[in-house]
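Let me begin by presenting the structure, written as structure tokens, before commenting on it.
Any read-out appearing in this document is the output of simple, stated calculations on the displayed coordinates, not a laboratory observation. Here the structure is a predicted model, which means the values were calculated and not measured. Positions of Cβ are generated from backbone atoms using ideal geometry, with glycine treated the same way; all protein chains shown enter the neighbour counts.
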Amino acid sequence: MFVRVFNHLPDVFIKDMQFVIPNAPILGFGTGISAQGLQEIGQSKEGLAELAHQGGETGVKRLLFELGIVGFVVFYVFWGRIFFHIRRLLRTVTDSQLKFVGVAIALFAFLVLLRFTFVHHQALGDYAVLTPLWFFLGTLFKLKELR
């Protein structure tokens, strides 16, 4: 089952790109334009909230729709830098127990980002996910000082 899900991910990504690129400008429509609340109060400009929810709700689609290609690239460069620094930090941690904690936190952050990207955009829009994510990432970057 796990392999079947990962084989499906490129199809989801391609489908989202094919939907968003002709419908959104290069800089996107703006952050929050695909929020579900906007759809409920009827303040959506030209039905953009409804358009944003057609064809699935993955993070790729939401990023491209709200931030455009430029924001999409900046978002993943930002996360790439975070994971680059995590990898570099984990190489310098000498305490094996702290290294296991660091690897667990890195894995948690990676899985949250993976779920956001390919499954549902809510993973990075929910305070119940964001609070522990940033708390644990902050703890991770202090591991060297926790001897």
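Here are some notes:
- Extension gain, GLN122 to THR92, is 7.4 nm, computed as 0.36 nm per intervening residue step minus the present C-alpha separation.
- Here the gap between ARG81 and LEU146, fully extended at 0.36 nm per residue and compared with their Cα-Cα distance, gives a gain of 21.1 nm.
- Rounded FRET efficiency, nearest 0.05, which uses the C-beta distance separating VAL129 from ILE21 and R0 of 35 Å: 0.80
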